[in-house]
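The structure appears right after this line, and notes come after that.
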Amino acid sequence: MDHYQLSQMINGWFIGDFEPSVVRTPDFEVGVKRYKAGDQEAEHFHKIATEITVVVSGRIEMAGSEWEEGGIIHLLPGTSSSFRALTDAVLTVVKFPSVAGDKYLGSSPD
């Protein structure tokens, strides 16, 4: 048995093709992301990866809509989205595959 702490990981990401990780795999990424009310991320998209975000707690604005606890946002490759925490929030994010450098700022040209 191995033991880890989320605080040992980078930005909440704990599975994927990066270090540190609990399991290193190119197949997918998993992260638990914690945000304070007002935190934002710039609009971006992925050319290769699909991203699924689950709102575990709180309220957020993402992909042009507001989401609350239990909401699931499924972004296909080429779909642009920005992010803003409307309240303190916890998200679980799954991306597949795990591809380094597959994050592009701004709107998707598609």
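None of the figures in this text is laboratory data; all of them are computed from the coordinates on show. Bear in mind the structure is a predicted one, so any value in this text is a computation, not a measurement. Counting neighbours? That spans all protein chains shown, and the Cβs are built from the backbone with ideal geometry, glycine included.
Some observations on this one:
- Overall, the chain carries a charge dipole of about 120 debye about its Cα centre when +1 sits on the Cβ of Lys and Arg and -1 on the Cβ of Asp and Glu, all other atoms neutral.
- Sites count as exposed loop sites when they are trypsin sites (Lys or Arg not before Pro), lie in a DSSP loop, and have at most 15 other Cβ atoms within 10 angstrom; the longest stretch of the chain without one is 48-102.
- Rounded to 5, percent antiparallel among DSSP beta bridges of the chain: 95 percent
- The loop-placed GluC sites (Glu not before Pro) in the range 23-110, going by DSSP, that have at most 14 neighbouring Cβ atoms within 10 Å of their Cβ come out as Glu69.
- For the chain, the relative contact order comes to 32 percent (Cα pairs under 8 Å, sequence separation of at least 6).
- Pairs of lysine residues in the chain that meet both criteria, 8 or more places apart or on different chains and Cα atoms under 17 Å apart, total 5.
- Point-to-point label distance, Gln8-Ala63, nm (Cα→Cβ direction, 7 Å offset): 3.3 nm
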